[in-house]
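The values are calculated or read from the model by the stated rules, or taken from the named source; none is laboratory data. Computed from a predicted model, the values in this text were never measured in an experiment. All Cβ positions, even for glycine, are placed from backbone atoms using ideal geometry, and neighbour counts span all protein chains on display. Only protein heavy atoms, including side chains, enter the accessible area calculation; ligands, DNA and RNA are left aside. Shrake-Rupley method; radii C 1.70, N 1.55, O 1.52, S 1.80 Å.
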Amino acid sequence: MLDVRTTTSDAAVVPDAPPVPAHAAIRREDYRPPDWRVPEIHLDFDLGIDRTRVRATLEVERNGPHDRPLRLDGDELAPLRVAVDGQDAAWRMDGPALVIEVSGDRAMVETDVEIAPSANTKLTGLYASNGMLCTQCEAEGFRRITFFPDRPDVLSRYRVRMEGDANAFPVLLSNGNRIAQGEAAGGRHWAEWEDPFPKPSYLFALVAGDLQANRDRFTTMSGRKVELAIWVREADLPKTSHAMDSLKLAMAWDEQVYGREYDLDLFNIVAVGDFNMGAMENKSLNIFNSAFVLADQDTATDADFDNISRVVGHEYFHNWSGDRVTCRDWFQLSLKEGFTVFRDQSFSADIGSPPVKRIEDVRVLRAAQFPEDAGPLAHAVRPDSYIEIGNFYTATVYNKGAEVIRMMATVLGRDKFRAGTDLYFSRHDGEAATCDDFVKALEDGSGVDLTTFKIWYSQAGTPKVTARLEHDADAMTATLHLEQHIDPTPGQPVKQPMPIPLKTALIGDASGAEIAPEQLIILDQPRQSVRFDNVTETPLLSINRGFSAPIIVQANRRPGELERLAWADSDPFARYEAMQDLMMTALLAGAQGSAMDAEPVVAAVGATLQSNALDPAFKAEAILLPSETLIAERVQVVDPDAIHAAREQLRTAIGSSLRDALSTAQRSDDGSGDDLSPGAKGVRRLRSIALGLLAAATPDEAASLAKAQFDRADNMTDRQGALMTLVSLDAPERQGALDAFYERFHNDSLVLDKWFALQAAAQRADTVDRVAELARHPDFTMTNPNRLRSLAGQFAGNHWAFHHPSGRGYDFVADMILAADAINPQAAARLVPAFGRWRRFEPSRAELMRRALEKIVAKPGLSKDVFEQASKSLA
Ligand code: TRP
Ligand code: ZN
């Protein structure tokens with residue numbers, strides 16, 4: 001496949017382009033429209049696991065007056081034949097691309113290539129997984145299947161014929177509708193598919209394999225009957241009902257909330273065991289990582305069930321925010337991803353608990369996006385340049401992008417936001433649009449000027465807002481003094497002020513009532529003051545309620561203010577936030593060598609556990625301590641041992657002072673394993689969090705509690721929760737439980753991932769040795785991204801263990817990155833950001849981390865994926 005011809009006898013016809021540097025940056029400002037359009041494409045596949053022949057027939061059309069040749073992207077492709085209007089044609093290779101001189105304004109261009117799916121370990125393009133064939137084309141995988149202008153602003157109607165062995169591939173799927181099928185000689189068969197909606201190449205999909213379907217139906221609001229199918233291996237059929245239920249809920253939700261209806265007669269989902277990301281929104285043929293499809297009570301946790309609903313919803317919602325309206329170029333990725341994450345977050349909130357969902361989303365944002373925004377890989381929601389676009393499927397583009405849309409939705413209110421999205425979908429249907437187009441549609445649909453909000457797309461970095469409330473008891477007024485600041489990020493040394501919508505209220509210290517009802521303050525100056533009148537008692541500041549802006553608030557608080565807010569605030573998110581601030585204050589003191597005052601935290605956690613007004617899911621979130629990674633973001637110089645010790649100290653204080661309340665929560669009999677209601681899920685979550693806190697105080701007792709919870713469990717949530725506590729203890733019960741888990745589940749790869757992940761996440765001094773052993777376990781493999789993530793990814797996120805003072809954690813992950821890079825660069829590159837914050841660590845670790853990055857960058861033949869992440873981390 002790498003044997004690419006570089007010249008032909010006709011090559012002299014076209015002057016040579018200047019050589020392109022190996023890892024050149026692509027810049028947003030260099031965008032220009034495509035030279036050629038491809039209104040129609042016909043693909044003909046002769047399928048085989050080891051060898052697949054692809055014939056492509058492109059109807060090409062010159063786009064505007066120019067004399068440039070037709071340039072078709074390719075990646076590890078060699079043309080076997082090139083014809084223009086039926087005649088063999090002059091062509092040449094320019095690096096991986098095929099260049100063809102076309103004289104007229106229109107032509108039929110045919111190419112033949114042969115590709116090797118079973119040798120495709122990158123899992124992008126056409127590849128083999130468990131004997132089936134499937135595709136992953138976003139962002140630039142289509143060029144690994146056939147020569148094509150592989151960019152999202154070239155939209156084509158696809159007709160696809162595929163033929164292959166009927167035994168190996170009884171099911172043949174592609175986008176759109178199946179228009180014909182039949183038998184062929186030699187035990188072969190074929191099918192032909194047609195997608196009536198023009199689409200960019202990244203949305204093309206093909207699946208061929210021995211699959212069975214869970215079938216259902218959905219009738220849309222205008223009466224269209226849609227056939228739904230979730231395709232899996234036969235043995236997995238019983239695990240597909242939750243995904244199917246989620247799909248139907250998502251279809252109904254998009255009709256009710258956005259007025260968006262499904263537009264074809266078929267909707268297929270296929271589960272694949274080897275997959276780089278979560279799932280892919282290919283038009284009418286969504287392809288999923290099986291982790292986001294398969295679930296039953298015995299093998300999947302409540303979090304897994306929730307993730308399935310979230311991802312099934314996400315990919316379905318892309319049908320409008322992504323497929324019907326797509327992106328002009330990859331710098332606009334957040335146009336579809338930020339919006340679709342916002343949509344899936346709202347969906348999950350509506351089918352679950354809105355305040356708990358908001359807390360979870362903010363936890364993810366703080367854990368993944370804030371560090372990104374503060375480190376060497378910081379980039380804007382709409383980046384300005386990239387080397388490898390695969391590196392920009394980030395928490396910034398996805399989750400911060402969703403926050404930006406949430407802020408605009410907050411400013412507009414529900415009805416005006418809906419008027420804006422209605423206009424967006426109708427104005428840009430069938431087009432490749434930009435983030436500016438999106439904001440413009442929101443403005444035109446709502447009649448509200450959002451110009452100032454556009455800076456959220458271009459300026460990187462998390463704003464820090466300081467807040468100080470000044471109370472004048474005699475005048476019965478309070479004045480809120482606000483100030484914003486954004487630290488420099490790579491390429492953006494000077495920052496502009498941003499519009500920051502702050503939902504704010506004042507709570508009476510004595511009464512606990514809202515003495516100033518919630519209002520939306522837009523902080524858009526470097527400094528701003530807001531006055532409140534009729535302040536009849538000492539006020540408590542409730543700010544950034546519901547996390548109305550993705551910022552860091554540094555509020556000047558009076559002693560006792562957070563404790564009071566944690567109890568009295570009328571906004572559940574603000575109560576959670578007060579608890580977090582209270583905990584963080586204690587943890588930062590401990591981590592930085594001062595005396596830790598655990599009492600206020602213990603009191604607040606105790607009151608939360610005791611409350612009759614709060615549901616268990618909220619209690620579980622509220623008593624969860626900030627992670628070590630989060631604490632590390634807040635200290636001047638990171639000492640992982642000090643952070644770990646401080647967090648353990650606080651956990652021990654809570655566990656010993658609140659033993660009775662925690663034991664009650666741990667023992668609760670509510671929430672039988674098959675009950676997936678928010679209430680039952682909350683009981684289980686609280687159970688395992690309580691168990692963890694008990695373990696900090698009384699490890700021996702907790703070990704037997706954990707063992708009992710493990711043995712009794714009729715569901716994976718309780719089982720995994722118990723094991724999570726056990727793996728971190730030095731208890732005799734530990735190894736037996738791990739072995740029993742392995743014995744029972746080692747044939748289920750998704751559960752085996754949990755077995756690896758639990759051990760890689762263990763809070764133990766010897767975790768670094770254990771993961772090295774596990775990497776030699778016969779069930780460990782780097783070719784499966786889920787397995788790689790479950791060991792190396794989990795370990796790199798285990799703050800205390802990864803930052804082992806010896807540097808062995810760094811060596812382990814660096815070696816994993818280099819070994820994985822030769823197999824699957826996308827998966828390898830995702831491990832690099834763990835090293836990104838090296839400058840913030842104490843000198844010895846900083847040096848060890850820097851050396852690990854240097855070792856990675858020095859490796860000959862490094863992929864551009866890993867090169868970009870590692871070299872930018874060192875800069
Ligand atoms: N568009 C997909 C989603 O968010 C993301 C995705 C799936 C992806 N597979 C990928 C991105 C491979 C890059 C590479 O829904
Ligand atoms: Zn997406």
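A full extension of the chain between residue 252 and residue 641 corresponds to an added length of 135.1 nm, given 0.36 nm per residue minus the alpha carbon distance. Approximating the spin labels as points 7 Å out from Cα along Cα→Cβ, the residue 585-to-residue 71 distance works out to 6.0 nm. With the charge dipole of the chain set up from +1 on Lys and Arg Cβ and -1 on Asp and Glu Cβ about the Cα centre, the Cα lying farthest toward the positive end among the listed residues 131, 218, 740 is that of 740. Evaluate E = 1/(1 + (r/R0)^6) for residue 823 and residue 857, where r is the Cβ-Cβ distance and R0 equals 25 Å; express this FRET efficiency to the nearest 0.05. Efficiency computed from Cβ-Cβ geometry: 0.85. For region 325-458, the relative contact order is 36 percent, taking Cα pairs closer than 8 Å that sit 6 or more residues apart in sequence and dividing their mean separation by the residue count.
Cross-link check: pairs 248/283; 336/454; 336/400; 454/872; 283/357; 336/440 evaluated at a Cα-Cα cut-off of 19 Å; pairs beyond the cut-off: 454/872; 283/357. Calculated on the Cα set of region 112-171, radius of gyration then Dmax: 12.6, 38 Å. The mean of 1/r over all pairs of different alpha-carbon atoms in region 464-556, once inverted, gives a Kirkwood hydrodynamic radius of 13.9 Å. Only DSSP H runs of four or more residues enter the estimate; each adds -39500 (n - 2.57), and after division by the residues of the chain the mean residue ellipticity at 222 nm equals -11500 deg cm²/dmol.
What whole number of Å gives the distance from the Cα centroid of region 722-791 to the Cα centroid of region 409-466? About 45 Å separates the Cα centre of region 409-466 from the one of region 722-791.
Packing here is the average count of other Cβ atoms within 10 Å per residue, and on that basis the peptides 790-801, 591-602, 123-134, highest first, run 790-801, 123-134, 591-602.
Relative contact order for the chain: 8 percent, from Cα pairs under 8 Å spaced at least 6 residues apart, divided by residue count.
Over region 29-83, all Cα pairs binned in 5 Å intervals from 0 give whole-percent P(r) values of 4, 13, 20, 24, 17, 11, 7, 4, 1, listed from short to long.
For region 80-206, the Kirkwood estimate of hydrodynamic radius, built from reciprocal distances between every pair of different alpha carbons, is 16.2 Å. Take the Cβ atoms of residue 108 and residue 130, set R0 to 45 Å, and the FRET efficiency comes out at 0.75. Diffusion coefficient of the chain by Stokes-Einstein, Kirkwood radius over Cα pairs, 25 °C, 0.890 mPa s: 85 µm²/s. Taking the Cα centre of the chain as origin and assigning +1 to Lys and Arg Cβ atoms and -1 to Asp and Glu Cβ atoms, the resulting dipole is close to 940 debye. Each Cα pair under 8 Å and six or more residues apart adds its separation to the average, and for region 464-556 the resulting relative contact order is 38 percent. The Cα center of region 816-875 and the Cα center of region 287-308 differ in position by 31 Å. Per residue, the accessible area of the chain comes to 38 Å² when a 1.4 Å probe rolls over the protein heavy atoms. By the Cα gyration tensor, region 758-875 has an equivalent ellipsoid whose semi-axes, rounded to whole angstrom, run 20, 19, 10 from largest to smallest. Cut-off 20 Å, label point 7 angstrom out along Cα-to-Cβ of residue 874: give me the residues of region 371-395 whose amide nitrogen falls inside. Residues 375-378, 386-388, 391 qualify, since their backbone N sits under 20 Å from the label point. Each other residue within a Cβ distance under 15 Å of residue 658 adds +1 if Lys or Arg and -1 if Asp or Glu, for a net charge of +2.
For region 56-99, the equivalent ellipsoid built from the Cα gyration tensor has semi-axes of 18, 14, 10 Å, listed from largest to smallest. Distance between the modelled labels on residue 468 and residue 711, one decimal in nanometres: 6.1 nm (7 Å Cα→Cβ projection). Share of Cα-Cα pairs in region 388-521 beyond 23 Å, in percent? Counting every Cα pair in region 388-521, those more than 23 Å apart make up 50 percent. Shown here: region 26-274, whose C-alpha atoms stretch 55, 47, 33 Å along the first, second and third principal axes, sorted largest to smallest.
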